[in-house]
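Have a look at the structure below, then the notes.
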Amino acid sequence: SAVFVSTQPPLTSFLPYALRGSYIFVFFSSVHALGSMLCGLAVVNIYEACDRTWVKDVLTASRFRLCCTLVFIGWPSISLTVSMIFLILGEQLLPRFRM
């Protein structure tokens, strides 16, 4: 990261990553990747501390709780996908639009 911040891009027509918008998208990508890791860690710790009957009785007691539980379990993958999309936008698509 320090190399990208301190140097000019070799081919500015191909990948001008020195634009402010690119850094914003890369920052959001890092935030989502960190959030994905933290959420995944929370899911693992919560399910490790709970027993099977408590999860069945409490977390899946109603349809709303079941949906929230499934979203919480799947959120690390969703957040990591959003992170990759932001990274692709920051490095490829954004320089063509010139913010």
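Descriptive notes on the structure:
- Scanning region 64-77 for residues that are open to solvent by 70 Å² or more (accessible area, probe 1.4 Å) and touching a residue at least 24 places away in the same chain (Cβ under 8 Å) turns up 72, 73, 75, 77.
- Qualifying positions in region 29-58 - open to solvent by 90 Å² or more (accessible area, probe 1.4 Å) and touching a residue at least 24 places away in the same chain (Cβ under 8 Å): 37
- Breaking point among (1) at pLDDT 90 or above; (2) open to solvent by 70 Å² or more (accessible area, probe 1.4 Å); (3) over 12 Å from the mean Cα position of the chain (by Cα), for residue 61: (2)
- Candidates in region 43-97 are the residues that are in a helix (DSSP H, G or I) and of a type in the set (S, T, N, Q); of these, the one that is nearest to residue 27 (Cα to Cα) is 83.
The values are calculated or read from the model by the stated rules, or taken from the named source; none is laboratory data. Just so it is clear, the structure is predicted and the values come from calculations on it, not from any experiment. Methodologically, a virtual Cβ is constructed for each residue, glycine included, from the backbone with ideal geometry; neighbour enumeration extends over all protein chains shown. Each accessible area value is taken on the protein alone, full model and side chains, heavy atoms only, with ligands, DNA and RNA left out. Shrake-Rupley method; radii C 1.70, N 1.55, O 1.52, S 1.80 Å.
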